[in-house]
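Down below is the structure, laid out as structure tokens.
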Amino acid sequence: MSANFQAELVACFGQPVAENPTAAMQEAAFAALGLNWRYLTVEVPPAKLADAIRGMRAFGMKGANLTIPHKVAVMEHLDRIAPDAALIGAVNTIRRESDLLIGENTDGKGFLRGVRETAHVDPKGKRIVVLGAGGAARAIVTELTLAGAADILVVNRGMLRGESMVADLAAKTHGPIRFERWPIIYAVPAGTDILVNATSIGLYPEVDAMPAVDLRAIEPAALVCDVVFNPPETRLLAAARLLNLRVLDGLSMLVNQGVIGFELWTGHPAPEPIMKNALRRPLEIP
Ligand code: NDP
């Protein structure tokens, strides 16, 4: 009998990285498909990032995820950057194409997949409000623009960050992107089809924090989304539910970007329900 003890490797490089739950969902997916693959959660300090990428090449690793603080710095160490990741200016996923390492960004794509496939909403032609102008917002706004949204209003507390993100993305994509500074309470206008909280407000341990928004003008068909996945039921989503609005949680984005990564690396359809379920225990979801 011939045996094969050689595992294929994927990793997450970050610092800090120990609390990143991605390994739980990827390992569950590998096991479900009977793949002898491993997902390693590896602490890599900034000064060692180039060595880590050289290590990937030496080990013939199939891919990786990047998290804080490597999403921008990794780009110079790769062979090619996907067009949307180049627009976003950050890479959170590496895939291998023969000997080449290609940088991708699945944050915005994961969000979009959730909007389309979980919430059954096509962002094409929609009027969208995005709260926040950090890395997650930038990825989401880029993908919403590429998906043909009719109007994207970015609302951010910090004027400089919001204005420069919008100016940069509008120039690069020619998309319908606007900026407004966040007032004391932002009244989300009637006619908004999708509202996205892309800030970290509500993230554990600040679970009682709620973005300063007034949702009362939004119409019932609208979709309210949160990128915060810990906890998945944020105060914003609870408030939206009370108004009978439809909601999409940050867990959907997390799982969907994991699904996209899994499929880029293995070439197999991802077992999405198994991946979602595998996150329940690490995220203490009942
Ligand atoms: P950044 O630090 O890059 O950006 C944070 C954003 O939140 C900024 O726009 C900041 O505004 C805003 N913000 C933070 N606190 C407040 C506050 N009290 N009031 C108003 N605005 C505030 O973070 P990221 O974009 O990388 O991450 C944002 C969130 O997205 C995190 O919770 C992260 O966990 C989540 N995320 C979820 C993913 C998923 O798969 N579900 C994937 C990636 C990220 P300002 O510019 O004024 O400081």
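The values are calculated or read from the model by the stated rules, or taken from the named source; none is laboratory data. Please read these numbers as outputs of a predicted model, since none were measured by experiment. Note that we place each Cβ from the backbone using ideal geometry, even for glycine, and neighbour counts take in every protein chain shown. For accessibility, only protein heavy atoms count, side chains too; no ligands or nucleic acids. Shrake-Rupley method; radii C 1.70, N 1.55, O 1.52, S 1.80 Å.
Restricted to segment 87-104, and to residues there that are aliphatic (A, V, I, L, M) and touching a Lys or Arg at 6+ places or on another chain (Cβ under 8 Å), the residue that is most open to solvent (accessible area, probe 1.4 Å) is Leu100. No other residue among Asp107, Asp84 is surrounded by 18 or more Cβ atoms within 10 Å (Cβ to Cβ), within 11 Å of the ligand (Cβ to nearest atom), touching a residue at least 12 places away in the same chain (Cβ under 8 Å) and of a type in the set (Asp, Glu) apart from Asp107. For segment 242-269, the tally of residues that are open to solvent by less than 30 Å² (accessible area, probe 1.4 Å) and either more than 15 Å from the ligand (Cβ to nearest atom) or among the acidic types (Asp, Glu) (or both) stands at 3.
Checking each residue in segment 110-141 for being within 10 Å of the ligand (Cβ to nearest atom) and not in a strand (DSSP E or B) picks out Gly110, Phe111, Gly114, Gly132, Ala133, Gly134, Gly135, Ala136, Ala137, Arg138, Ala139, Ile140. The residues of segment 11-38 that are open to solvent by less than 10 Å² (accessible area, probe 1.4 Å) and over 18 Å from the mean Cα position of the chain (by Cα), listed by number, are Ala29, Phe30.
Residues in segment 202-234 that are within 24 Å of Arg181 (Cα to Cα) and away from the ligand (no atom under 13 Å from the Cβ): Asp214, Leu215, Arg216, Ala217, Ile218, Glu219, Ala222, Leu223, Val224. Within segment 134-158, residues that are charged (D, E, K, R) reach partners that are open to solvent by less than 20 Å² (accessible area, probe 1.4 Å) and in a strand (DSSP E or B) with beta carbons closer than 7 Å, at six or more positions or on different chains, in the pairs Asp151/Ile128.
Against the list (1) of a type outside the set (Asp, Glu); (2) under 17 Å from Asp84 (Cβ atoms); (3) away from the ligand (no atom under 16 Å from the Cβ), the condition Ile177 fails is (3). Take Ala139 and tell me if it is under 22 Å from His70 (Cβ atoms) and of a type outside the set (Asp, Glu). The answer is yes for Ala139.
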